[in-house]
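Engineer: Okay, here's the structure, questions in a sec.
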Amino acid sequence: MKDLLTLKELSVDEIQSILDLALDCEKGKYDNFLKDEIIANCFFEPSTRTQYSFNTAELRLGMKPLSFNPAGSSLNKGESFYDTIKTFESFGISGIVIRDVHDRYYEDIRHLDFHILNAGDGAGDHPSQSLLDLLTIRKEYGKFEGLKIAIVGDISHSRVAHTNIEVMERLGMECFVSGPEEYREEGYNFIDFDKAVEEMDIIMLLRVQHERHKEKMKTSLEDYNRDYGLNMDRVNKMKDHAIIMHPAPFNRGVEINDDVVECDKSRIFTQITNGVLVRMAMLLVTVGGVKC
Amino acid sequence: MKDLLTLKELSVDEIQSILDLALDCEKGKYDNFLKDEIIANCFFEPSTRTQYSFNTAELRLGMKPLSFNPAGSSLNKGESFYDTIKTFESFGISGIVIRDVHDRYYEDIRHLDFHILNAGDGAGDHPSQSLLDLLTIRKEYGKFEGLKIAIVGDISHSRVAHTNIEVMERLGMECFVSGPEEYREEGYNFIDFDKAVEEMDIIMLLRVQHERHKEKMKTSLEDYNRDYGLNMDRVNKMKDHAIIMHPAPFNRGVEINDDVVECDKSRIFTQITNGVLVRMAMLLVTVGGVKC
Amino acid sequence: MKDLLTLKELSVDEIQSILDLALDCEKGKYDNFLKDEIIANCFFEPSTRTQYSFNTAELRLGMKPLSFNPAGSSLNKGESFYDTIKTFESFGISGIVIRDVHDRYYEDIRHLDFHILNAGDGAGDHPSQSLLDLLTIRKEYGKFEGLKIAIVGDISHSRVAHTNIEVMERLGMECFVSGPEEYREEGYNFIDFDKAVEEMDIIMLLRVQHERHKEKMKTSLEDYNRDYGLNMDRVNKMKDHAIIMHPAPFNRGVEINDDVVECDKSRIFTQITNGVLVRMAMLLVTVGGVKC
């Protein structure tokens, strides 16, 4: 496929194929498969996990990454987003990985003649994050059909929540949301947090975005931790096979307690490992032309 | 050759050889030719095109780039330019690509024992930009002799204008300058802009440097656009075979209108593609020791 | 070995083996020996020499470096040091090179399942700097036993001084310190600077850290230069075979005069060249599993 911008444009079969490919990548089947392909990484928003995970994926595939640093660029001379991306296309490289603050930024550039991979657009999509969440679930349960997940926290601002719920429902999962009233969004099934802890197969926590809400947030961090924070008392009430996920970065002592981060049920760092694999798969189906 | 610092030090034959080499690079003849050579990129001024274009050229040649980020360096501890460059030489690497704000910064370091490629010195030279302009013209017309070019805009601050006019005249081109009175410089042939539009083979626009001139600029941006901006009315008056060039970044709606940027006569993004090729050629004749 | 964090954890034999390995690296014996190993470079403090020297070492070994830029990372979202490093471990990469401002930062992370190389911890250790100093001395004199060195300057804040003296004494060298009273530290042998100049085999200068001391420093820069600055008059009083070292960056005109920096006795830039070799060796004994 030419680009991978949003999972909404992919069928359930295509998504499963990408996950298959990620599992092949885990076995080392595609190491150095894209030797000498040059790929640009353009992160217009700060990022650790997504940026360096894509970077690791590229290196494992034998690609040659070109890392754009917005701070030392002509953006400082007023150059536009479109003109910057069109410049990279003109270099004659294979593709580009982009994160930008604007929703659906990709509409203006998707006609360009190279592969575009969306690493997050504003409060829109974050396809590589959803794919790594799906891979983590599939490796855990071997299926999606009938699994129950609650996504807990700031649903309204979260591209992870939006992207995940849409695709998880298509895959036959039952999705719930939980968290303080101020963060809820219509159209989703709400569930009480303590009920969710006892009944779900997956508890997916979201980050409380301190930096955006400090003054406006009605719930204090202490109240948040008491009412929606995952602590060991709550973990002990989860089903035996149930797991904990979080897209990270997380706030220890707010939505998750210290001793929960690396507890037996936590898959938080496994998600990061899986992130490299799905990003390899994304590069393979776009730049690599691998069928899916 | 050891270094490539200014086209003034190259004969017309050497320049033509570098362009020949760039055309060979276009055919893939030199891909991975400089495998395992380590090259440092030191940009002390912001840059998108030149920096990432050199980077792409290096990767296509199979080189291993080392990208210096001034922000996280010992320049913050007061280390001098000379000592920074001498440090890179001591690493035992093959060469260095440098952009710096000071005219002829290279005089103090050219005795060092590695290859130095100038990626722009203050208001002085910008040899890779001139070479890509020349390659674009040669690919278009197959020759330089007798071609007429007008360079339009802020001539006085432009290293592109200075470097280009010197070498284009040596290659037999007829060079004119145009633009507001405040930007003109003695010693060049002035031509009225609308006359230039009708008579030139090449119209090369320069960027209005908003950020430097905001307060001091006598001509308003609106007046500039009306009197010296390239719009479709003017494009339609150009000769059939004539082309539009711009070193970019450009200001849409100031020196160039939106619909002109990617019109049939525009070679703006072709120039960027050619930039990678000439930079490969520059690395080949220096680090690679290819004769020219 | 798993990690290389402080020379205090290495025996004299292990240190000599690492230096042997560095000499093999000089002969090109290990070029591309660690092909395809991915290594992260995380510098939370500014650095030119150490950062790009490790980077050069990695490239010569054929490794694939991942360069973490703290400025564009989730540290801005409040992510902790531990969680950042644990994230890199989860990527499934071979190792990580870290410089951080906190003494013994590595205690919290050394259980992680990848190789950790310390590139400097606060006022603690700087093992790669000590190793390059040792390599420079060994290449000069062929031995350590009985050599006399004076380290001159801000002993109290210098991780170079602390790390060096501990290991040099174990190797049989006789270590002295010199410099203004305000910088001295108990437990070291003090020597008058002009006496040191005449009697030592090695004069190792330290940087006066302008940026930290500007207001607090009791000695003026002029007085410092007069009393402890190495000028050609003093150089001429040094023993015939004696050499000058400095970890750099240096302040010309303060602890070292302009004409001394590249004089015959100076090994300052040789040290930088040796730095690449010892860092290759460090990567070989950790990531590469080479015995020592």
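Engineer: State all residues of the stretch B:238-261 that are at the interface with chain A (Cβ under 10 Å from one of its Cβ atoms) and closer than 30 Å to B:LYS29 by Cβ; if no residue qualifies, say none.
Structural biologist: B:ALA248
Engineer: With C:SER90, C:SER80 as the choices, which residue is within 14 Å of chain A (Cβ to nearest Cβ) and either surrounded by fewer than 21 Cβ atoms within 10 Å (Cβ to Cβ) or of a type in the set (Asp, Glu) (or both)? Even if it seems obvious, please write down each step before you answer.
Structural biologist: Working: C:SER90 fails: either surrounded by fewer than 21 Cβ atoms within 10 Å (Cβ to Cβ) or of a type in the set (Asp, Glu) (or both).
Checking each option against the conditions leaves just C:SER80.
Engineer: Take B:ARG110 and decide whether it is open to solvent by 10 Å² or more (accessible area, probe 1.4 Å) and in contact with a Gly (Cβ under 9 Å, 6 or more places away or on another chain).
Structural biologist: Numbers: open to solvent by 10 Å² or more (accessible area, probe 1.4 Å): yes; in contact with a Gly (Cβ under 9 Å, 6 or more places away or on another chain): no.
Here the answer is no, as B:ARG110 does not meet what is asked.
Engineer: Filter the stretch B:48-68 down to the residues that are among the polar types (S, T, N, Q) and more than 7 Å from every other protein chain (Cβ to nearest Cβ), then identify the one that is most open to solvent (accessible area, probe 1.4 Å). Steps first, answer last, please.
Structural biologist: Initial filter on the stretch B:48-68 (among the polar types (S, T, N, Q)): B:48, B:50-51, B:53, B:55-56, B:67.
Adding the requirement that they be more than 7 Å from every other protein chain (Cβ to nearest Cβ) leaves B:50-51, B:67.
Numbers: B:THR50: 9, B:GLN51: 35, B:SER67: 64 Å².
Only one residue fits best here, namely B:SER67.
Engineer: Go through (1) within 17 Å of A:SER53 (Cβ to Cβ); (2) of a type outside the set (Phe, Trp, Tyr); (3) assigned to a helix (DSSP H, G or I); (4) open to solvent by 10 Å² or more (accessible area, probe 1.4 Å) one by one and return the number of the condition A:PRO247 breaks.
Structural biologist: The number of the failed condition is (3).
Engineer: Being within 14 Å of chain B (Cβ to nearest Cβ) and open to solvent by less than 20 Å² (accessible area, probe 1.4 Å) is the requirement here; does C:GLY275 meet it? Spell out how you get there, then give the answer.
Structural biologist: Details: within 14 Å of chain B (Cβ to nearest Cβ): yes; open to solvent by less than 20 Å² (accessible area, probe 1.4 Å): yes.
Yes, satisfied.
Engineer: One residue is enough: does the stretch C:80-101 have a residue meeting the conditions of a type in the set (Ser, Thr, Tyr), under 26 Å from C:MET200 (Cα atoms) and touching a residue at least 24 places away in the same chain (Cβ under 8 Å)?
Structural biologist: No, because not a single residue in the stretch C:80-101 is of a type in the set (Ser, Thr, Tyr), under 26 Å from C:MET200 (Cα atoms) and touching a residue at least 24 places away in the same chain (Cβ under 8 Å).
Engineer: Determine whether C:SER178 is more than 13 Å from chain B (Cβ to nearest Cβ) and modelled with pLDDT of 95 or more.
Structural biologist: Numbers: more than 13 Å from chain B (Cβ to nearest Cβ): yes; modelled with pLDDT of 95 or more: yes.
The answer is yes for C:SER178.
Engineer: Same structure, new question: Considering the stretch B:6-47 alone, what residues qualify as being part of a helix (DSSP H, G or I) and either of a type in the set (A, V, I, L, M, F, W, C) or within 11 Å of chain A (Cβ to nearest Cβ) (or both)?
Structural biologist: As a first pass, look at the stretch B:6-47 and keep what is part of a helix (DSSP H, G or I): B:7-9, B:12-26.
Within the stretch B:6-47, B:LEU7, B:VAL12, B:ILE15, B:ILE18, B:LEU19, B:LEU21, B:ALA22, B:LEU23, B:CYS25, B:GLU26 meet the criteria.
Engineer: Name the residue, out of B:LEU171, B:LEU221, that is over 15 Å from B:VAL260 (Cβ atoms) and within 14 Å of chain A (Cβ to nearest Cβ). Give the derivation first.
Structural biologist: Working: B:LEU171 fails: within 14 Å of chain A (Cβ to nearest Cβ).
Every option except B:LEU221 fails the conditions.
Engineer: Restricting the search to the stretch A:233-244, which residues are in contact (Cβ under 8 Å) with a residue 24 or more places away in the chain and open to solvent by 20 Å² or more (accessible area, probe 1.4 Å)? It would help to see each step written out before you state the result.
Structural biologist: So in the stretch A:233-244, the residues in contact (Cβ under 8 Å) with a residue 24 or more places away in the chain come out as A:234-235, A:237-239, A:241-244.
Listed by number, the residues that qualify are A:ARG234, A:LYS237, A:LYS239, A:HIS241.
Engineer: Now a separate question. Taking the stretch A:258-292 only, how many residues are under 20 Å from A:LEU10 (Cα atoms), part of a helix (DSSP H, G or I) and without any contact (Cβ under 8 Å) to a residue 40 or more places away in the chain?
Structural biologist: Here the count works out to 0.
Engineer: Among the residues of the stretch B:13-43, which ones are open to solvent by 50 Å² or more (accessible area, probe 1.4 Å) and more than 27 Å from A:LYS35 (Cα to Cα)?
Structural biologist: First pass over the stretch B:13-43, keeping only residues open to solvent by 50 Å² or more (accessible area, probe 1.4 Å): B:13-14, B:16, B:20, B:26-27, B:29, B:31, B:33, B:35-37.
Within the stretch B:13-43, B:ASP13, B:GLU14, B:GLN16, B:ASP20 qualify.
Engineer: Sticking with this one: Being within 9 Å of chain A (Cβ to nearest Cβ) and in contact with a strand residue (DSSP E or B) (Cβ under 7 Å, 6 or more places away or on another chain), is that true of even one residue in the stretch C:104-123?
Structural biologist: Initial filter on the stretch C:104-123 (within 9 Å of chain A (Cβ to nearest Cβ)): none.
No, the stretch C:104-123 contains no residue that is within 9 Å of chain A (Cβ to nearest Cβ) and in contact with a strand residue (DSSP E or B) (Cβ under 7 Å, 6 or more places away or on another chain).
Engineer: Something else now. Only residues that are in a loop (DSSP other than H, G, I, E, B) and basic (Lys, Arg): list them for the stretch A:77-122, please. Steps first, answer last, please.
Structural biologist: First pass over the stretch A:77-122, keeping only residues in a loop (DSSP other than H, G, I, E, B): A:78-80, A:91-94, A:101-104, A:109-114, A:122.
Listed by number, the residues that qualify are A:ARG104, A:ARG110.
The values are calculated or read from the model by the stated rules, or taken from the named source; none is laboratory data. For clarity, every value in this text was computed on a predicted model and none was experimentally measured. Neighbour counts are summed over all protein chains in view; Cβ atoms, including those assigned to glycine, are modelled from backbone coordinates with ideal geometry. We work out accessible area using only protein heavy atoms, side chains counted, and drop any ligands, DNA or RNA first. Shrake-Rupley method; radii C 1.70, N 1.55, O 1.52, S 1.80 Å.
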